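Visitor: Once you've had a glance at the structure underneath, I'll fire off some questions.
The values are calculated or read from the model by the stated rules, or taken from the named source; none is laboratory data. Nothing here was measured: the structure is a model prediction, and the numbers come from that model. Here the Cβ positions follow ideal geometry from the backbone for every residue, glycine too, while neighbour counts run over all protein chains shown. Just so you know, the surface numbers come from the protein's heavy atoms only, side chains and all, with ligands and any DNA or RNA stripped out. Shrake-Rupley method; radii C 1.70, N 1.55, O 1.52, S 1.80 Å.
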Amino acid sequence: MKIISTSQLVAGMVLAEDVATQKMNKLLDKGTVLTNKDIAKLLFYSVPSVIIKDESVPEDPSIVPVTEGLTSSERLKQSKAFIEFKQDFEACASKFQQDIDDIVKNHAPLDVEKMLSPIYALLKKGKNTNEVFEILSNLRHYDDATYTHCINVALASNILAQWLRWDEHEIEIATLSGLFHDIGKLAIPDEIIRKPGPLDAEELKIMRTHPQKGYEVLKDLDISTHVKNAALMHHERCDGSGYPLAITAPQIDRYAKLVSIIDVYDAMTSARYYREALCPFIAISMFEDEGFKRYDAEMILCFLENIVNTYLLDTVRLNTGEVGEIVFINRTNLSKPTIKVGDDYIDLSKLNGVYIQELV
């Protein structure tokens with residue numbers, strides 16, 4: 001048996017023990033052959049690690065190759081807008097790394113306008129928020145680096161704040177909250193952050209201190225208290241099941257509530273070097289089923305209703321192997337739209353056990 005960090009799980013691994021939440025509610029049974037949906041569930045509940053049977057751990061897990069053919073995703077990736085955005089995104093992440101390292105290691109002064117400028121420049125690359133989010137959804141093959149994740153969360157936090165119709169000042173704070181939410185990871189030993197294998201119990205304990213460490217880095221800087229709270233509270237949950245404080249909805253800063261949604265969604269739908277990105281519709285299904293207890297109801301509903309629209313007309317593969325195009329969003333069951341497969345229309349909301357397995 002091996003202890004495997006949840007973030008390093010891949011489909012096909014077999015659980016050697018039952019998995020339960022901190023409140024001892026069983027999530028998965030011993031012997032479960034993990035699917036991407038199971039992995040999304042474990043990530044959703046912030047389960048740090050699980051025990052896996054030795055024989056089910058692949059020696060060299062890798063990302064599943066993209067299906068051949070000119071799909072909606074492939075068309076987007078060949079567009080001039082996507083190529084330019086990708087180049088600017090990578091430059092933005094590199095610049096952010098330099099600036100943030102200078103602040104953390106050299107105690108350089110914080111220039112908020114300077115930090116936000118490249119983020120807002122990226123946001124102007126799209127015609128609207130949906131287009132920017134669609135491009136972001138196809139930028140999922142970076143390693144689990146703190147810097148690219150922070151850029152993702154900053155951009156998506158800005159977009160969600162716009163969808164919520166927050167004012168310009170609130171949107172700026174939301175963007176900064178996303179940008180700095182994981183800054184505490186820079187205070188975690190590099191051998192833990194970059195460890196190629198699973199973290200042991202002590203290492204996981206250290207990793208879970210990053211919210212407090214992030215707050216310590218930010219507390220004396222000239223930046224909004226909401227941004228500092230987002231660093232401290234982005235792993236808190238409205239039902240009290242989060243960490244490090246285990247506080248409930250009334251005590252959690254609303255900017256932390258917003259960032260927590262984006263943080264989990266990005267973690268679930270971004271590719272890692274050892275597995276492919278989990279399908280957005282699996283993540284959406286998790287949020288629909290249980291997200292309203294753990295996250296702010298207004299924010300999560302707004303987020304889900306808007307992100308599904310960014311996938312309209314996208315090419316998808318069902319778990320049955322069929323490939324089709326999303327043609328209609330079912331408002332009462334957002335994770336189960338209607339798919340056009342050939343000349344047929346499949347309403348997933350009316351079928352048990354059939355779901356979107358991946359975007360292609």
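Visitor: Between the range 1-45 and the range 184-257, what's the alpha-carbon centroid distance in Å?
Guide: If you average the Cα positions of each part, the centres end up 23 Å apart.
Visitor: Have a look at V308, I206, A20 and report the one farthest towards the positive end of the charge dipole of the chain, computed about the Cα centre with Cβ charges (Lys/Arg +1, Asp/Glu -1).
Guide: A20
Visitor: Using the basic label-point model (7 angstrom from Cα toward the beta carbon), what is the N319 to A121 distance in nanometres?
Guide: 4.4
Visitor: A 27 angstrom limit on the alpha carbon distance is what I want to check against. Which of K2/K185; K26/K213; K26/K195; K77/K105; K185/K257; K114/K228 exceed it?
Guide: Numbers: K2/K185 25 Å; K26/K213 31 Å; K26/K195 29 Å; K77/K105 37 Å; K185/K257 19 Å; K114/K228 18 Å.
Beyond 27 Å between Cα atoms: K26/K213; K26/K195; K77/K105.
Visitor: When only the heavy atoms of the protein chains count and the probe is 1.4 Å, how do D182, D200 rank by accessible area, highest first? If you can, show how the numbers build up before the last one.
Guide: Working: D182 5, D200 70 Å².
Largest accessible area first, the residues go D200, D182.
Visitor: Is the range 218-312 best put as rounded, prolate or oblate by its Cα gyration tensor, with a ≥ b ≥ c the root eigenvalues, rounded for a/c under 1.5, and otherwise prolate when a/b is larger than b/c, oblate when not? It would help to have the intermediate numbers written out before the result.
Guide: Numbers: a/c = 1.86, a/b = 1.51, b/c = 1.23.
Prolate.
Visitor: Accessible area per residue of the range 224-264 at 1.4 Å probe, in Å²? Walk me through the numbers on the way to the answer.
Guide: Values: 1230 Å² over 41 residues.
With all protein chains present, the range 224-264 gives 30 Å² per residue.
Visitor: Identify which of G178, G321, G240 has the largest mean-square fluctuation in a Gaussian network model of the chain, with springs joining Cα atoms closer than 10 Å.
Guide: G321
Visitor: How big is the charge dipole of the chain about its Cα centre, in debye rounded to the nearest 20, if each Lys and Arg gets +1 on its Cβ and each Asp and Glu gets -1 on its Cβ?
Guide: Values: 39 positive and 54 negative charges, 75 e Å.
Around 360 debye, computed over the chain.
Visitor: How would L28, L312, L221 rank on accessible area, largest to smallest, probe 1.4 Å?
Guide: On the way: L28 15, L312 70, L221 40 Å².
Of L28, L312, L221, the descending order of accessible area is L312, L221, L28.
Visitor: Further question: Which whole-number percent gives the relative contact order of the chain, counting Cα pairs below 8 Å spaced six or more residues apart?
Guide: Values: 590 pairs, mean separation 59.7, N = 360.
Rounded, it is 17 percent for the chain.
Visitor: Given a 1.4 Å probe and the protein chains all in place, what does the accessible area of M115 round to, in Å² to the nearest 10?
Guide: Taking all protein chains as shown, M115 has close to 10 Å².
Visitor: Right, something else. Which residue, N128, N36, N306, tops the fluctuation ranking in a GNM of the chain built on C-alpha contacts under 10 Å?
Guide: Of N128, N36, N306, the most mobile in the Gaussian network model is N128.
Visitor: Give me the percent of the accessible area of the range 232-325 that comes from carbon and sulfur atoms, probe 1.4 Å, all protein chains in place. Could the numbers behind the result be given before it?
Guide: Numbers: 1560 of 2920 Å².
Looking at the range 232-325 in its full context, I get 53 percent from C and S.
Visitor: Among F89, S349, N158, whose Cα sits farthest toward the positive end of the charge dipole of the chain (+1 at Cβ of Lys/Arg, -1 at Cβ of Asp/Glu, about the Cα centre)?
Guide: So the residue furthest toward the plus end is S349.
Visitor: Taking a 23 Å limit on the Cα-Cα distance, which of the listed pairs K95/K205; K37/K350; K41/K340 fall beyond it? Intermediate results must be reported in sequence, preceding the final value.
Guide: Details: K95/K205 30 Å; K37/K350 19 Å; K41/K340 28 Å.
Pairs exceeding 23 Å: K95/K205; K41/K340.
Visitor: Span-like helices, the chain: DSSP H, alpha-carbon axial extent 27 Å or more, mean Kyte-Doolittle -1.0 or greater, which ones?
Guide: Numbers: long enough: 80-106 (38 Å, -0.54).
Passing helices, by number: 80-106.
Visitor: Exactly which trypsin sites (Lys or Arg not before Pro) in the range 120-184 are in a DSSP loop and have at most 13 other Cβ atoms within 10 Å? Each step should come with its number before you reach the end.
Guide: Values: sites: K124, K125, K127, R140, R165; in loops: K124, K125, K127, R140, R165.
Counting only loop positions with at most 13 other Cβ atoms within 10 Å, the trypsin sites (Lys or Arg not before Pro) in the range 120-184 are K124, K127, R165.
Visitor: Further question on the same structure: Contour minus end-to-end for K77 and L312, with contour as 0.36 nm per residue of separation and end-to-end as the Cα-Cα distance? If you can, show how the numbers build up before the last one.
Guide: Values: separation 235, 0.36 × 235 = 84.60 nm, distance 1.66 nm.
Working it through step by step, the gained length comes to 82.9 nm.
Visitor: So if each residue of separation counts as 0.36 nm, and I subtract the Cα-Cα distance between N25 and I206, what length gain in nm does that give?
Guide: Numbers: separation 181, 0.36 × 181 = 65.16 nm, distance 2.45 nm.
Taking 0.36 nm per residue and subtracting the Cα distance, the gain is 62.7 nm.
Visitor: For the chain, what does -39500 (n - 2.57) per DSSP helix run (n ≥ 4), summed and divided by total residues, give at 222 nm, in deg cm²/dmol to the nearest 500? Can you show the working numbers first?
Guide: On the way: 14 runs with 160 residues, N = 360.
Theoretical 222 nm ellipticity from helices: -13500 deg cm²/dmol.
Visitor: Roughly how many nanometres apart are two label points built 7 Å out from the Cα toward the Cβ at V354 and I329?
Guide: If labels sit at V354 and I329, their model points lie 2.2 nm apart.
Visitor: Between D347 and L245, what is the label-point separation in nm under the 7 Å Cα-to-beta-carbon projection?
Guide: 4.6
Visitor: Averaged per residue, what accessible area in Å² does the range 276-315 show with a 1.4 Å probe, protein chains only? Display every interim value, and only then the final one.
Guide: On the way: 1280 Å² over 40 residues.
With all protein chains present, the range 276-315 gives 32 Å² per residue.
Visitor: Quick one: accessible surface of D289, probe radius 1.4 Å, all protein chains present, in square angstrom to the nearest 10.
Guide: 110
Visitor: Here's a follow-up. Assign one of three labels to the range 130-249, namely rounded, prolate or oblate, based on the Cα gyration tensor with a ≥ b ≥ c the square roots of its eigenvalues; rounded applies when a/c is under 1.5, prolate when it is not and a/b is larger than b/c, and oblate otherwise. Write down the numbers at each step before the final one.
Guide: Numbers: a/c = 1.78, a/b = 1.27, b/c = 1.40.
Here the range 130-249 falls in the oblate category.
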